[in-house]
1. Quick check: residue separation of THR9 and LEU53 times 0.36 nm, minus the Cα distance between them. What number comes out in nm?
2. Got a sec? How would PHE120, PHE51 order by Cβ neighbour count within 10 Å, fewest to most?
3. Restricting to Cα pairs below 8 Å that are 6+ residues apart, what does the relative contact order work out to for the chain? Please round to a whole percent.
4. Fewest to most neighbouring Cβ within 10 Å: what's the order for TRP115, TRP4?
5. For the range 95-142, which trypsin sites (Lys or Arg not before Pro) are both in a DSSP coil and crowded by at most 14 other Cβ atoms within 10 Å?
6. State the three equivalent ellipsoid semi-axes of the range 10-138, derived from the C-alpha gyration tensor as the square roots of 5 times its eigenvalues, in descending order and whole Å.
7. Between GLN80 and ALA141, what length comes free when the chain is fully extended (0.36 nm per residue of separation minus the Cα-Cα distance, one decimal in nm)?
8. Can you tell me the orientation of helix 56-73 relative to the chain, as the angle in degrees between its alpha-carbon axis and the longest Cα principal axis, to the nearest 10?
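Bear in mind these aren't lab numbers, they're just calculated from the coordinates by the rules spelled out. Predicted model only: the values in this text are computed from it and were never measured. With ideal geometry, Cβ positions are generated from the backbone for all residues, glycine too; neighbour counts draw on all protein chains shown.
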Amino acid sequence: MRIWRREATLDMLNKTGQACMVGHVGIEFIVLGDDYLEATMPVDSRTTQPFGLLHGGASVVLAESMGSMAGYLCTEGNQQVVGLEINANHIRAVRKGPVRGVCRALHTGRSHQVWQIEVFDTEGRLCCTSRLTTAVINAPAS
């Protein structure tokens, strides 16, 4: 069942992220399914910690970027989403990449949403699992 309320393409999602953190760390949206979103992120000098491992914060950037974009796609009109809480469990270290995130809705209500984001290495092993809670707000008048 399709959960998105906004029309979108992968090209549109990727252009939206070019001039912000999403583009800075090289996140690329690769699949827009009926009820899930997938993206990749490189494991390189932008996303690793000093010891050559994928930085936990970079995994959280991937998770929040995916959940926020998915959340926006589940709104309509002048609605926006803002993050309220995110957590992440880092399960496996990653030294090379890219990593692939898969984002699915746990709840898409009128006032808040909950998203589950799982991050996998190139061998398909779970590296990080994250949960993002967003609030649905009306965009301020310009």
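1. Details: separation 44, 0.36 × 44 = 15.84 nm, distance 3.19 nm.
Roughly 12.6 nm would be gained on extension.
2. Working: PHE120 19, PHE51 8.
Ranking PHE120, PHE51 by Cβ neighbours within 10 Å, fewest first, gives PHE51, PHE120.
3. Values: 301 pairs, mean separation 34.2, N = 142.
The normalised contact order for the chain reaches 24 percent.
4. Working: TRP115 28, TRP4 17.
Placing the least packed residue first, the sequence is TRP4, TRP115.
5. ARG95, LYS96, ARG110, ARG125
6. Numbers: eigenvalues 117, 45, 33 Å².
Working through the eigenvalues yields semi-axes of 24, 15, 13 Å.
7. Working: separation 61, 0.36 × 61 = 21.96 nm, distance 1.23 nm.
Between GLN80 and ALA141, full extension yields 20.7 nm more.
8. Long axis of 56-73 versus the principal axis of the chain: about 20 degrees.
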